[in-house]
Amino acid sequence: MVQVSVDALIDMAISGEGVVSFPTDTVPALATRPDRAELIFQTKQRSLDKPLILMAATPEALWPYVQGTLEELSVWQKTAQKYWPGGLTLVLPASDKVPPAMNPADPSTIGVRVPDSAIAQSILARTGPMATTSANLSGQPPLLTMAEINHQFPKVFTLFASEFDPTIPPSTLPSTVAKWESNGQWTILRQGNLVIS
């Protein structure tokens, strides 16, 4: 069990030496530097055909990681303005800035999200975009508390409870995932806690 302060957790995240965990507006996240994404796959025992999500404090931090036409970028930005920060992950064409380890099976796409969580945003504002996924062993239900995460992942760095408000219950659902298709429409890959219209 490795519980640390926000500053220490951010230092560990930036160093890329390990996996950290922090609360979000949906289920708690496991996170690491994008170029060290393989650490999350190892920690979760996750299949390489299940990509990670790039999470950031602001939409502006994420746009360099995607590529599309000016028209597509306009649609994506309008969607982001409507639903971010919030429980919506957008799967978009990846730019060459995305490390292939984020999505080994299909490095041409990347899921991006801005969480509606003050503690997550404050961490991500200092670390920059992070490779993230839910905190659980692959195929098992998401863990909802720092205590559960500490028990299942004793080497993952988590926050002291005093560093955030643990009385705010997280959603038990992960984010909704919408993929941009070549026909200019969204396809819902996973229905989470947010319904898009």
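The values are calculated or read from the model by the stated rules, or taken from the named source; none is laboratory data. Here the structure is a predicted model, which is why all the values come from computation and not from measurement. Backbone-built Cβ (ideal geometry, glycine too); neighbour counts: all protein chains shown. To get the accessible areas, we keep the full protein, side chains included, count just its heavy atoms, and leave off ligands, DNA and RNA. Shrake-Rupley method; radii C 1.70, N 1.55, O 1.52, S 1.80 Å.
The residues of the chain have, on average, 47 Å² of accessible surface per residue, using a 1.4 Å probe with all protein chains present.
Note on the stretch 77-117: Cα-Cα pairs beyond 11 Å make up 65% of the total pair count.
Charges were assigned to the Cβ only: +1 to each Lys and Arg, -1 to each Asp and Glu. The resulting dipole of the chain about its Cα centre is roughly 260 debye. Going 7 Å from the Cα of Glu148 in the Cα-to-Cβ direction, what parts of the stretch 15-38 have a backbone nitrogen less than 12 Å from that spot? In the stretch 15-38, the label zone of Glu148 (backbone N under 12 Å from the point 7 Å along Cα→Cβ) covers 27-29. Consider a paramagnetic label point 7 Å from the Cα of Ser138 along Cα→Cβ; state which residues of the stretch 25-50 have an amide N under 15 Å from it. Residues 37-50 qualify, since their backbone N sits under 15 Å from the label point. For the stretch 3-190, the direction-averaged projected area of the alpha-carbon convex hull comes to 9.6 nm².
For the stretch 39-197, with all protein chains in place and a probe radius of 1.4 Å, 56% of the accessible heavy-atom surface sits on carbon or sulfur. Simple rule: put +1 on each Lys or Arg Cβ and -1 on each Asp or Glu Cβ in the stretch 3-190, find the dipole, and look at Ser5, Thr79, Pro51; the Cα lying farthest toward the positive end is Pro51. Under the simplified labelling scheme, the Val4-Lys78 pair shows an inter-label distance of 4.3 nm, with each label point 7 Å from Cα along Cα→Cβ.
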